[in-house]
Amino acid sequence: MSLFRKLFYRKPPDGLLEVSERVFVFDCCFNTDAWQEEDYKGYIGGIVSQLKEHFPDASFLVFNFREGEKQTQIADALSKNDMTLMEYPWQYEGSPLLTMEMIHHFLRSGESWLSLGQQNILLMHCERGGWPVLAFMLAGLLIYRKQYSGEQKTLDMIHRQAPRELLQLLSPFNHVPSQLRYLQYVTRRNAASEWPPLDRALTLDCVILRSLPNFDGEGGCCPLFRVYGQDPFLVSDQTSKLLYSTPKKGNILRAYKQIECELVKIDINCHIQGDVVLECISLDDDMELEEMMFRAVFNTAFIRSNILMLNRDEIDMLWDAKDRFPKNFRAEILFSEMDAAASIVAENLSGFEEKEGLPVEAFANVKEIFSSVEWSDPNSDFALNVLQQISASNIAQENSSADLQHRVEISTQKQETIPRKELAGQSTVTNATVSTASSEQALTVSAGIELMEPKGGSISPSTPAQPPPLGLAVTSSVIKVHPHPPPTLHLSASEPSDPSTVKETETI
């Protein structure tokens, strides 16, 4: 088969890079310079003309990763062409990856489109500066479709398509470790009966740092932690927000030296759920100047034994900061199941404008458990053993929630979209946008989304088992996907066991 492909291989149009069969990337994604509007329209127009000449019977779906909410250049450029455009944000809390919900939506959409027929072609595009998230999502799609195996190998293959220095030019941080963690989540799909698994509400109890990094020039640091993510008590609000920040007042913050202690335990006691960003920052002697030590992004549904252990190769850090961390550095993030009693307390406090957190009594059991652990031994793994005991007693409580079934019904009438609620100090985009450049174009994505096909037929996937709970708002040729659906739409959720199974139905 490979020899057959080589014999009939056709060079892709100028301006496109073929990464996989029927999957292309616009080479403008490798450019860090801004385009003039007319030049950009000419660039896209030339590629579209070549595509239609090379593939006269093909249908095209364009994935675009954008910053902000304003109209994108590619949406303008494709407005008069018979192509479908689906847009996603290009970061989550400053990291070039997306929430597990968005990743699942993207993977199901790409898989369904490519599985519907050999005439379907997928084009990948990003706004200036969005290459890191495009490379990550493309690697996830290749792993999801089992075209490649090995997270590091696949991501490296994608990165080699662009200039080597591009990642460092676009961000001072190396975000690859967290991206690899999420690619491992995608790989687990092949071994799990339900993927992605249901979100777990956990309590982030504490962080243990072994073999301290040198961020004060004297072999030590003053660690401050911040936690971003979804508040598990605010079910109706799935936007990311600052959940915890170590208070700068009081006696919680202090400087630690490598010669004085090899292990530091920092209590956090923060309730989390879903996609979480953990930041560790070092303060100067005046407790004012902040320097980022490391970041880690993870999803609570994939936490095993209520502990996440990270070495220095598994944390996001500045490109030139690796030498500040000892080779045996390790960050141990300890969790516990969120207490039901604590949930009731939080609901009773939800009416107050300011929330100081839960009372100390809510964490009495956790503190009692950890009080017997000898933390001074840097080589001990008491934390892991204790957390394994905790998780063993709670395994029976897993999978207790009932599966929800939702159905998406898209109206062709114009409906008002729900504006995104802006959060102070954050610029995270939490919705994806699907826009059809022409009413003649037909598309169905497998995450429970159907785009209308006025020609007399629509294609819909088989009934899924658990799609991401994204809602749709339609305004003529634009469909926006939200974490919560507009009230006039009905959700449907399920993921087909066989993504290639589709059926054709008549539209009214």
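The values are calculated or read from the model by the stated rules, or taken from the named source; none is laboratory data. These numbers were taken from a predicted model, which means no experiment stands behind them. Backbone-built Cβ (ideal geometry, glycine too); neighbour counts: all protein chains shown. All accessible areas refer to the heavy atoms of the entire protein, side chains included, with ligands and DNA or RNA removed. Shrake-Rupley method; radii C 1.70, N 1.55, O 1.52, S 1.80 Å.
Somewhere in the range 320-330, is a residue under 25 Å from residue 195 (Cα atoms) and of a type in the set (Lys, Arg)? So that I can check it myself, show each step before the final result.
Applying the first criterion (under 25 Å from residue 195 (Cα atoms)) to the range 320-330 yields none.
Looking through the range 320-330, none of the residues is under 25 Å from residue 195 (Cα atoms) and of a type in the set (Lys, Arg).
Would you tally the residues in the range 21-50 being in contact with a strand residue (DSSP E or B) (Cβ under 7 Å, 6 or more places away or on another chain) and outside any loop (DSSP other than H, G, I, E, B)?
First, pick out the residues of the range 21-50 that are in contact with a strand residue (DSSP E or B) (Cβ under 7 Å, 6 or more places away or on another chain): 22-27, 29, 47.
Add one more test, that the residue is outside any loop (DSSP other than H, G, I, E, B), and what stays is 23-27, 29, 47.
The number of residues fulfilling the criteria is 7.
Restricting the search to the range 33-78, which residues are within 20 Å of residue 158 (Cβ to Cβ) and in contact with a helix residue (DSSP H, G or I) (Cβ under 6 Å, 6 or more places away or on another chain)?
If the condition is that a residue be within 20 Å of residue 158 (Cβ to Cβ) and in contact with a helix residue (DSSP H, G or I) (Cβ under 6 Å, 6 or more places away or on another chain), then 61, 64, 65 are the ones that fit.
Please state which of the following conditions residue 217 fails to meet, knowing it meets all the rest: (1) out of contact with any helix residue (DSSP H, G or I) (no Cβ under 6 Å at 6 or more places or on another chain); (2) within 22 Å of residue 306 (Cβ to Cβ); (3) open to solvent by 20 Å² or more (accessible area, probe 1.4 Å).
(2)
Looking only at the range 289-300, count every residue that is more than 11 Å from residue 224 (Cα to Cα) and modelled with pLDDT under 95 and tell me the total.
Residues in the range 289-300 being more than 11 Å from residue 224 (Cα to Cα) and modelled with pLDDT under 95: 1 in total.
Which residues, counting only those in the range 221-240, are open to solvent by 40 Å² or more (accessible area, probe 1.4 Å) and in contact with a Gly (Cβ under 8 Å, 6 or more places away or on another chain)?
The answer is 238, and nothing else.
Looking only at the range 302-315, count every residue that is assigned to a strand (DSSP E or B) and of a type in the set (Lys, Arg) and tell me the total.
Our first condition is that a residue be assigned to a strand (DSSP E or B); within the range 302-315, this holds for 304, 307-311.
Subset that is of a type in the set (Lys, Arg): 304.
Total meeting the criteria: 1.
What helices (runs of 4 or more DSSP H) completely inside the range 112-179 contain at least 3 residues that are open to solvent by less than 10 Å² (accessible area, probe 1.4 Å) and under 30 Å from residue 36 (Cβ atoms)? Write out each step before concluding.
Details: elements: 131-144, 151-159, 166-170.
Hits in the range 112-179: 131-144.
For the range 304-316, give me the residue count where each residue is closer than 27 Å to residue 101 by Cβ and open to solvent by 10 Å² or more (accessible area, probe 1.4 Å). Working first, answer last.
First, pick out the residues of the range 304-316 that are closer than 27 Å to residue 101 by Cβ: 304-310, 314-316.
Right, trim to open to solvent by 10 Å² or more (accessible area, probe 1.4 Å) and you get 304-305, 307-309, 314.
Adding up the residues that qualify gives 6.
For the range 69-85, name all the residues that are outside any helix (DSSP H, G or I), open to solvent by 60 Å² or more (accessible area, probe 1.4 Å) and either in contact with a Phe, Trp or Tyr (Cβ under 6 Å, 6 or more places away or on another chain) or hydrophobic (A, V, I, L, M, F, W, C) (or both).
none
Being in contact with a Pro (Cβ under 9 Å, 6 or more places away or on another chain) and open to solvent by 10 Å² or more (accessible area, probe 1.4 Å) is the filter here; which residues of the range 90-99 pass it?
90, 91, 96, 99
Select, from 209, 204, the only residue that is more than 27 Å from residue 111 (Cα to Cα), modelled with pLDDT of 95 or more, open to solvent by less than 20 Å² (accessible area, probe 1.4 Å) and touching a Pro at 6+ places or on another chain (Cβ under 9 Å). Can you show your working first?
Values: 204 fails: touching a Pro at 6+ places or on another chain (Cβ under 9 Å).
Just a single option satisfies the conditions, and that option is 209.
From the list 260, 291, which residue is within 18 Å of residue 210 (Cα to Cα) and either open to solvent by 40 Å² or more (accessible area, probe 1.4 Å) or touching a Lys or Arg at 6+ places or on another chain (Cβ under 6 Å) (or both)? Explain how you work it out, then say what you get.
Working: 291 fails: within 18 Å of residue 210 (Cα to Cα).
After ruling out the rest, the residue left standing is 260.
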